[in-house]
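Report on one structure; see the data block that follows.
The values are calculated or read from the model by the stated rules, or taken from the named source; none is laboratory data. Values in this document were obtained by computation on a predicted structure and should not be read as measured data. Glycine also receives a Cβ, built like all others from the backbone with ideal geometry; neighbour counts cover every protein chain displayed. Note: areas computed on protein heavy atoms with side chains; ligands, DNA, RNA excluded. Shrake-Rupley method; radii C 1.70, N 1.55, O 1.52, S 1.80 Å.
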Amino acid sequence: MRPIERDLERFKAIVRGEIQKRAREFLTREEFLGQLEGRLVSIPLPQLELPKIVYGEEVGEGLGLGPGGEGLGPGGHIPVAELELEEFLDLMGEALKLPRLRPKGEGEVTEEAFRYTTIARKGPRGLRHVRRTLKEALKRGLLSGEYRPEVDKAPRLIPEREDFRYKAPKARPRPHAQAVVVFALDVSGSMREEELRLVKTLAYWITAWIRRHFPRLERRYILHDAEAWEVGEEEFFRAKEGGGTRLSSAILLAEKILKAYPEAFYNRYLYHFSDGENWPGDTEKALEALGRLLPSLALYGYAQVQTRGGEGGFLYDLEALQRSSPGLGHASAYLEALATAELTGQESLPRALRRLLGGEE
């Protein structure tokens, strides 16, 4: 291994260690929440020591520690490493032990992919295949007698138009796994700004992690109180309503939306955020709708947000469903597709994220 490669591996190890130590902090950093593609993530590296040698000073221990403090770079600034979001997600996943997502069933479409694996007689100069062109020129010269290495001291091989060969594309079917994720948010009066901020953070990292495994990802958003309605992404994260709650309204609307995404071609994810308080008599209706939907989902994740007003009971209904699945089909289907978590504050985000992606405790 060359010295520069060894230094690069050491630098990557420093970055990886910093992310592992501060993964929980990064989950809640506002600047990390944003677009999901074409962006860089800046990672502060305060423990990285940069050389600082001043003429006339004795060089000894502590090299790299300037007056700005330990690990500070030029001008007293903390050094940073810039990573692409995908690489940062991989390191975050490693630190938080997030599960790798695999396509459920087919869940893929096939498209034509072109690779330059064949040869053609015509094409642009940039795709000219030099070795094949010279080979054709040599064959022609030997057959015509123009190329005589046994006679000429310095035989010349000059390709003609008919000798030119070019790289050409060949279509091959390439399967692509794709997914759709539906987010449903309870915006009844008991959900405050603090709880909504936790939901926004959790929804962002769920989306980012699913998209890391399924680049062809579609997103749909539902708000609900006693009724449910579909909204755009921006409105989803800043809406605030009031009134009572019917959890079944969100599940029924999600069921309707997901009809546009056949199970044979999409890995389907549904995430529901609520404080768990439900309209009297609606829980049975919600579980019935969920019973129809669950077998077709890659995952149904329910996160119950703890509020000042108390704690609803829908989480416990779902946990009971996981244990028994009474009258709603085979229990194993629910154990595989149902994930639950409690949101009690920022400190609960890592565990909730892992649970809602189908990971273990």
Task: In the stretch 120-155, residue least open to solvent (accessible area, probe 1.4 Å) [restricted to those that are over 30 Å from LYS170 (Cβ atoms) and out of contact with any helix residue (DSSP H, G or I) (no Cβ under 9 Å at 6 or more places or on another chain)] - done: GLY145
- [ ] Identify, by number, the condition in (1) small (Gly, Ala, Ser); (2) exposed (fewer than 15 other Cβ atoms within 10 Å of the Cβ); (3) over 28 Å from the mean Cα position of the chain (by Cα) that SER188 doesn't meet.
- [x] (2)
- [ ] Return the total of residues in the stretch 17-31 being in contact (Cβ under 8 Å) with a residue 24 or more places away in the chain and of a type in the set (Asp, Glu).
- [x] 1
Task: Those residues of the stretch 234-261 which are surrounded by 15 or more Cβ atoms within 10 Å (Cβ to Cβ) and part of a helix (DSSP H, G or I), in sequence order - done: PHE236, LEU247, SER248, SER249, ALA250, ILE251, LEU252, LEU253, ALA254, GLU255, ILE257, LEU258
- [ ] Could you look through the stretch 7-56, keep only residues that are assigned to a loop (DSSP other than H, G, I, E, B) and among the acidic types (Asp, Glu), and pick out the one that is modelled with the highest pLDDT?
- [x] GLU37
- [ ] From the list ALA264, ALA226, ALA177, pick out the single residue that is among the small types (Gly, Ala, Ser), part of a strand (DSSP E or B) and surrounded by fewer than 21 Cβ atoms within 10 Å (Cβ to Cβ).
- [x] ALA177
Open item on the list: Tally up the residues in the stretch 201-223 that are crowded, with 18+ Cβ neighbours inside 10 Å and either among the β-branched types (Val, Ile, Thr) or out of contact with any strand residue (DSSP E or B) (no Cβ under 9 Å at 6 or more places or on another chain) (or both), please.
Closed with: 9
Open item on the list: Suppose we filter LEU290, LEU196 for residues that are open to solvent by 10 Å² or more (accessible area, probe 1.4 Å) and either in contact with a His (Cβ under 8 Å, 6 or more places away or on another chain) or part of a helix (DSSP H, G or I) (or both); which single one remains?
Closed with: LEU196
Open item on the list: Among the residues that make up the stretch 227-243, is at least one of them under 22 Å from the mean Cα position of the chain (by Cα) and within 15 Å of LEU338 (Cβ to Cβ)?
Closed with: no
